[in-house]
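The values are calculated or read from the model by the stated rules, or taken from the named source; none is laboratory data. The shown structure was predicted, so the numbers you read here are calculated from the model rather than taken from an experiment. Cβ: placed from backbone, ideal geometry, glycine included. Neighbour counts: every protein chain shown.
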Number of protein chains: 2
Amino acid sequence: MTGDLGVAYFAEIHEQPQALERLLARMPEIDAVAKQLVARAPAIVRLVGHGTSDNAASYGVYAFGLLPAWTAVRDSISLTTYYDAPLDFAHSAVVALSQSGRTPDVVEYVVRARAGGAFTVALTNEPESELAHAADVVVALEAGPERAVAATKTYVNELATLALLAAAVAGRGPEFEDGVRSVAGLLADALEPLARSTRALATAFAYVGRLYAIGRGLEYATAREVALKLTETCRVAAEPLTATDLVHGPVAAVDPLFPVWTIASDDAALPMAVEAAKRVLAAGGMLVASGNAAAAIRGASYTLPVPAAPNPVLAPLLSVLPGQLFAGALALAKGLDPDRPVGLTKVTLAS
Amino acid sequence: MTGDLGVAYFAEIHEQPQALERLLARMPEIDAVAKQLVARAPAIVRLVGHGTSDNAASYGVYAFGLLPAWTAVRDSISLTTYYDAPLDFAHSAVVALSQSGRTPDVVEYVVRARAGGAFTVALTNEPESELAHAADVVVALEAGPERAVAATKTYVNELATLALLAAAVAGRGPEFEDGVRSVAGLLADALEPLARSTRALATAFAYVGRLYAIGRGLEYATAREVALKLTETCRVAAEPLTATDLVHGPVAAVDPLFPVWTIASDDAALPMAVEAAKRVLAAGGMLVASGNAAAAIRGASYTLPVPAAPNPVLAPLLSVLPGQLFAGALALAKGLDPDRPVGLTKVTLAS
């Protein structure tokens, strides 16, 4: 019935464990970049990217904050690139993320930050790209060619690269190398059961037009990425919110036809997700719970648990999988092609 | 017909020019805080707040970036407050925003940042609040008692306080004091005409369930605040996006029943708003254009222009007005009370 819809999208989700293994072979390069970062001792790590890469940057804030206890931020690209603000980059490191390495304002940002004295690192699938050449150093993401417009394996490898880099800076490289290897195995095992359960769920969601995806802390990146997959592949207006944002306003819009997808992982931010879920139920909303602590979300209509990660910092690499699979399944249920969303192209050259 | 719905909400919008005048009387205190900031020469200004205050923080990134060319960021509250990450605060300043001064995790963040060596500034309507006592110094926002749950005058005074503080740090306090005084006059003049045009527009939007609000750079804060007002008062799932975020995915969800509210102001980020609007039209979406460069958005179905500000950095104080008024008008058109949105309370003690 669905013909060839989503062939590339699902193949790339299934390739994620192998993509992680390819990245692990780059550990010596990641260690070398980490050594350079430690030598620079930046006052601030500025993360930049758009779309999926910006979602990965949200994760980078926590990976650097929790492992070496460094201040990392998603920086404003426009302040430097369009407004020409003469910020002081001398004590900064930049980590620029781009699948293609061709996003024009990310490249321009790196050129200016480097000229201003920043130490610049490019994370890209294309080590010969403009971005890679603009930066001081490059780490190849090793996700391999991505044919579906909606990125999946690039996102997971961006998270893993940020985790490995932050861990190496903190002197915990080998521990996280083992951790990412375990995650690759856990992802492989989880694929088939989750593909089945998300297909079953998709039929119940065929008429959903709007949705909130909530997470906090480490899992805010997951909420953003799940929302983006649903928006681009299924034309659902899916908005990511921190669990705390939700109760500061948007909970007022929730009704029984307005599902809230909660990412619940067993870490210090879990109580906020649990509390937000209670507020959603009180407002009459319908809950989907995913993450390794999905069972902690009482009253969820649907639960899509994932295995626990070897370290809470690595949980987001697993938490995104149900959302990726569900977005693809829902696209098929709606007769849409997740490989070629309407109105999108692979590289967004307009910045 | 509408009885007493929204009486406080509209009264508070109309009070905004007076609230700005009250704030201007605090200029000596703002100057004193600016001097302390200059003496500390922070490597990074960390802005924290939730909801409307977090939207104002988005503006603060640009006010500090464009005036003294300081790096300011919306910091992660959870990293410090829940995850206990031992970040280095010694070279940081903190600007904490809270209408009530009672938001628990913002207070806790300030306590920890100050203990870690940060210079901490509270911006609040309540100079005797917990937050004010936790910080090194406080600037009273002078918005006055706010009775509607959906904040309006607090937001505008938060923007003005951030602009005046950043300008004073840059040695441009008097220029911006004059600028904010002009803005108060321009706001007063714009109120009645915009109240009429937004009421006319509201009837056309009574059945809209979802909307994107887009802006970039300085006007991203406006997009966030307009979206929040629509979500909390009208139960519209309104998502704020940068003009660039939109073309990196969400444009795929746009259709003729999906309005996109574009904030267009005459500054360096305007070309991005114009380009994003073209993409919305190509996708069959319907455009509303506001801001002082609303006329630059070709093909908009509705245009809600505001007067030009004396300085582009002050434009957002005016740009938010059409959105505030429209959200109130749409709430009334739907029979909802903007003073008391369903499921929300004034102070969100759950963090």
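Can B:Thr303 be described as modelled with pLDDT of 95 or more, away from chain A (no Cβ under 14 Å) and over 19 Å from the mean Cα position of the chain (by Cα)?
yes
Quick check on A:Glu142: is it among the charged types (D, E, K, R), part of a helix (DSSP H, G or I) and under 17 Å from A:Val33 (Cα atoms)?
The answer is no for A:Glu142.
For region A:80-123, give me the residue count where each residue is within 8 Å of another protein chain (Cβ to nearest Cβ), out of contact with any strand residue (DSSP E or B) (no Cβ under 8 Å at 6 or more places or on another chain) and not in a helix (DSSP H, G or I).
Total meeting the criteria: 7.
Do we find a residue being touching a residue at least 60 places away in the same chain (Cβ under 8 Å), within 7 Å of another protein chain (Cβ to nearest Cβ) and among the hydrophobic types (A, V, I, L, M, F, W, C) anywhere in region A:53-67?
The answer is yes; a qualifying residue exists.
If A:Ala43 passes every condition in (1) more than 18 Å from the chain's Cα centre (by Cα); (2) away from chain B (no Cβ under 11 Å) but one, which one does it miss?
Evaluating A:Ala43 over (1) more than 18 Å from the chain's Cα centre (by Cα); (2) away from chain B (no Cβ under 11 Å) leaves (2) as the failure.
Residues in region A:124-139 that are in a helix (DSSP H, G or I) and either touching a Gly at 6+ places or on another chain (Cβ under 7 Å) or outside the structural domain of A:Thr80 (by TED's automatic domain parsing) (or both): how many?
Summing the residues that are in a helix (DSSP H, G or I) and either touching a Gly at 6+ places or on another chain (Cβ under 7 Å) or outside the structural domain of A:Thr80 (by TED's automatic domain parsing) (or both) in region A:124-139 gives 3.
With the checklist (1) of a type outside the set (Phe, Trp, Tyr); (2) surrounded by 24 or more Cβ atoms within 10 Å (Cβ to Cβ); (3) at pLDDT 95 or above in hand, flag the one item A:Arg216 doesn't pass.
With respect to (1) of a type outside the set (Phe, Trp, Tyr); (2) surrounded by 24 or more Cβ atoms within 10 Å (Cβ to Cβ); (3) at pLDDT 95 or above, A:Arg216 is out only on (3).
Exactly one condition in (1) acidic (Asp, Glu); (2) farther than 18 Å from B:Val33 by Cβ; (3) crowded, with 24+ Cβ neighbours inside 10 Å is false for B:Glu158; which is it?
(2)
If only one of B:Val208, B:Val180, B:Val156 is farther than 20 Å from B:Phe326 by Cα and either not in a helix (DSSP H, G or I) or not small (Gly, Ala, Ser) (or both), which one is it?
Among B:Val208, B:Val180, B:Val156, only B:Val180 is farther than 20 Å from B:Phe326 by Cα and either not in a helix (DSSP H, G or I) or not small (Gly, Ala, Ser) (or both).
Here is a check on your reading of the model: is A:Gly291 more than 9 Å from chain B (Cβ to nearest Cβ), under 23 Å from A:Leu330 (Cα atoms) and at pLDDT below 95?
No.
Looking for something part of a strand (DSSP E or B), of a type in the set (A, V, I, L, M, F, W, C), touching a residue at least 24 places away in the same chain (Cβ under 8 Å) and assigned by TED's automatic domain parsing to the domain that holds A:Ala204 - is there at least one such residue anywhere in region A:244-259?
No - not one qualifying residue is present in region A:244-259.
Which one is farthest from the other protein chains (Cβ to nearest Cβ) among residues in region B:268-286 that are buried (at least 24 other Cβ atoms within 10 Å of the Cβ) and not small (Gly, Ala, Ser)?
For region B:268-286, the residue satisfying everything is B:Val280.
Does A:Thr233 satisfy being within 12 Å of another protein chain (Cβ to nearest Cβ), buried (at least 24 other Cβ atoms within 10 Å of the Cβ), β-branched (Val, Ile, Thr) and part of a helix (DSSP H, G or I)?
So A:Thr233 passes the test.
So if I check each of A:Leu218, A:Leu228, A:Leu165, which one is assigned to a helix (DSSP H, G or I) and away from every other protein chain (no Cβ under 11 Å)?
A:Leu165
Tell me, please, whether a residue that is in a helix (DSSP H, G or I), more than 19 Å from the chain's Cα centre (by Cα) and outside the structural domain of B:Gln324 (by TED's automatic domain parsing) can be found in region B:65-79.
For region B:65-79, residues in a helix (DSSP H, G or I), more than 19 Å from the chain's Cα centre (by Cα) and outside the structural domain of B:Gln324 (by TED's automatic domain parsing): present.
Of everything in region A:63-110, what is more than 18 Å from B:Ser76 (Cβ to Cβ) and among the β-branched types (Val, Ile, Thr)? Give them in sequence order.
Within region A:63-110, A:Ile77, A:Thr80, A:Thr81, A:Val94, A:Thr103, A:Val106, A:Val107, A:Val110 qualify.
Conditions tested, residue by residue: (1) at pLDDT below 95; (2) in contact with a helix residue (DSSP H, G or I) (Cβ under 9 Å, 6 or more places away or on another chain); (3) crowded, with 24+ Cβ neighbours inside 10 Å.
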position	(1), (2), (3)
B:Leu186	no, yes, no
B:Arg199	no, yes, no
B:Ala221	no, yes, yes
B:Glu225	no, yes, yes
B:Lys229	no, yes, yes
B:Ala243	yes, yes, yes
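If a residue must be buried (at least 17 other Cβ atoms within 10 Å of the Cβ), farther than 23 Å from A:Ala315 by Cβ and not aromatic (Phe, Trp, Tyr), how many such residues does region A:248-267 contain?
Counting residues in region A:248-267 that are buried (at least 17 other Cβ atoms within 10 Å of the Cβ), farther than 23 Å from A:Ala315 by Cβ and not aromatic (Phe, Trp, Tyr) gives 7.
Between residues in region B:5-32 that are over 28 Å from B:Arg196 (Cα atoms) and residues that are part of a helix (DSSP H, G or I) and among the acidic types (Asp, Glu), which pairs lie under 6 Å by C-beta distance while being six or more apart or on different chains?
Final answer for the pair search is B:Met27/B:Glu177.
Please go through region B:89-110 and give me each residue that is among the aliphatic types (A, V, I, L, M) and surrounded by 18 or more Cβ atoms within 10 Å (Cβ to Cβ), ordered by number.
B:Ala93, B:Val94, B:Val95, B:Ala96, B:Leu97, B:Val106, B:Val107, B:Val110
If the requirement is being closer than 22 Å to A:Glu21 by Cα and of a type in the set (Asp, Glu), which of these qualifies: A:Glu126, A:Glu130, A:Glu108?
A:Glu126
Going through region A:237-257 one residue at a time, which ones are of a type in the set (A, V, I, L, M) and within 7 Å of chain B (Cβ to nearest Cβ)?
Within region A:237-257, A:Ala237, A:Val247, A:Val251, A:Ala252, A:Ala253 qualify.
Could you give me the residue pairs with C-beta distances under 8 Å whose first residue belongs to region B:92-104 and is assigned by TED's automatic domain parsing to the domain that holds B:Tyr59, whose second residue is in a helix (DSSP H, G or I) and charged (D, E, K, R) wherever it lies, and which are 6+ apart or on separate chains?
Correct list of pairs: B:Ala93/B:Arg40; B:Val94/B:Arg114; B:Leu97/B:Asp54; B:Leu97/B:Glu158; B:Gly101/B:Glu130; B:Arg102/B:Glu130.
Just name the residue that is nearest to the chain's Cα centre (by Cα) out of those in region B:202-215 that are farther than 24 Å from A:Thr81 by Cα and within 13 Å of chain A (Cβ to nearest Cβ).
It comes out as B:Tyr212.
Which residues, taken from region B:32-58, are in a helix (DSSP H, G or I), surrounded by 17 or more Cβ atoms within 10 Å (Cβ to Cβ) and out of contact with any strand residue (DSSP E or B) (no Cβ under 9 Å at 6 or more places or on another chain)?
Answer for region B:32-58, where residues must be in a helix (DSSP H, G or I), surrounded by 17 or more Cβ atoms within 10 Å (Cβ to Cβ) and out of contact with any strand residue (DSSP E or B) (no Cβ under 9 Å at 6 or more places or on another chain): just B:Ala34.
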